[in-house]
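Novice: Just dropping this structure here.
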There are 2 protein chains.
Amino acid sequence: MYIVLVYDIGEKRVGKMLKLCRRYLNWIQNSVFEGEITPVKLKSLLAEAKLIMDEEQDSLILFKSRSEKWLEKEVVGKEKNELDTFL
Amino acid sequence: MYIVLVYDIGEKRVGKMLKLCRRYLNWIQNSVFEGEITPVKLKSLLAEAKLIMDEEQDSLILFKSRSEKWLEKEVVGKEKNELDTFL
């Protein structure tokens, strides 16, 4: 399946979260990731995310689509993706 | 159509952007919005957004889906949506 993941995480935990998400998905904006993922891998991504998150304060939203085809993406302004290669 | 909108905007411009997006969509996380929107309204939202944005620094990403049905949402942690009623 194809997912878009967006998080809003306390500053202290954000570095770990970024690293975790980049292991599974493509980073497209500060706290936004997208990519093809299997249900099994998504399960482990979420399990790991919950270990990092403070669920009282932090939030993570997933949008799942059966396929990338059903989701058309449009970017306005700067494409942050370029950063990806430097980090 | 159903859209998810995510922005990454300089601090000075973020207040205006928030106001703008809330006029058209539902606010679901710090810089994340979703909602049903017509192509015409989306066009005016984007035109207004471009007036606010510094396109060298800011970015806005849209994910468009024909219908909400094709996009399953899952929230982990705090649901920010509650805030919406206070602001």
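Novice: Where the label is 7 Å out from Cα toward Cβ, how close does A:MET1 come to the same position in every other copy, in nm, shortest first?
Specialist: For A:MET1, the inter-copy label distances come out at 2.2 nm.
Novice: Taking 0.36 nm per residue of sequence separation and subtracting the Cα-Cα distance, how much length would be gained by fully extending the chain between B:GLU11 and B:TRP70, in nm to one decimal?
Specialist: Values: separation 59, 0.36 × 59 = 21.24 nm, distance 3.32 nm.
Once the chain is fully extended between B:GLU11 and B:TRP70, it gains 17.9 nm.
Novice: Are any of the pairs A:LYS16/B:LYS19; A:LYS12/B:LYS12; A:LYS64/B:LYS78; A:LYS73/B:LYS73; A:LYS41/B:LYS73; A:LYS12/A:LYS50 more than 22 Å apart by Cα-Cα distance, and if so, which?
Specialist: Over 22 Å apart, Cα to Cα: A:LYS16/B:LYS19; A:LYS12/B:LYS12.
Novice: Over the protein assembly as shown, what percent of the accessible surface lies on carbon and sulfur atoms, probe 1.4 Å?
Specialist: With neighbouring chains kept in place, the figure for the protein assembly as shown is 51 percent.
Novice: What average count of beta carbons from other chains do you get within 10 Å of the Cβ of residues in A:47-54?
Specialist: 1
Novice: Next question. For A:ARG22 paired with B:TYR2, estimate the spin-label separation in nm (one decimal), with each label point 7 Å from Cα along the Cα-to-Cβ line.
Specialist: 3.2 nm
Novice: For the B and A pair, go ahead and give the buried accessible area with a 1.4 Å probe, both sides summed, in Å² to 100.
Specialist: Using a 1.4 Å probe, the pair buries roughly 3100 Å².
Novice: Right, here's the next one. Put the label 7 Å from Cα along Cα→Cβ for B:GLU68; what are its distances to the other copies, in nanometres, shortest first?
Specialist: Here the equivalent label points are 2.8 nm apart from this one.
Novice: Please give the peptides B:30-37, A:3-10 ranked by average Cβ packing (other Cβ atoms within 10 Å per residue), highest first, as a rough proxy for protection.
Specialist: Going by the mean number of other Cβ atoms within 10 Å, highest first, we get A:3-10, B:30-37.
Novice: Can you list the aspartates and glutamates whose alpha carbon sits under 12 Å from that of B:LYS69, skipping same-chain ones fewer than 8 residues off?
Specialist: B:GLU36
Novice: Can I ask one more? Apply the Debye scattering formula to region A:12-59, with a single equal point scatterer on each alpha-carbon and no solvent, then give log10 I(q)/I(0) at q = 0.20, 0.27, 0.31 Å⁻¹.
Specialist: Values returned for q = 0.20, 0.27, 0.31 Å⁻¹ are -0.67, -1.13, -1.29.
Novice: Shortest first and in nm with one decimal, please list how far the B:LYS41 label point sits from its counterparts in the other copies (point 7 Å along Cα→Cβ).
Specialist: Going from nearest to farthest copy, the values are 3.6 nm.
The values are calculated or read from the model by the stated rules, or taken from the named source; none is laboratory data. Please read these numbers as outputs of a predicted model, since none were measured by experiment. As a convention, Cβ positions derive from the backbone with ideal geometry for all residues, glycine included, and neighbour counts pool all protein chains shown. When the accessible area is computed, the model is the full protein with side chains, heavy atoms only, and any ligands, DNA or RNA have been set aside. Shrake-Rupley method; radii C 1.70, N 1.55, O 1.52, S 1.80 Å.
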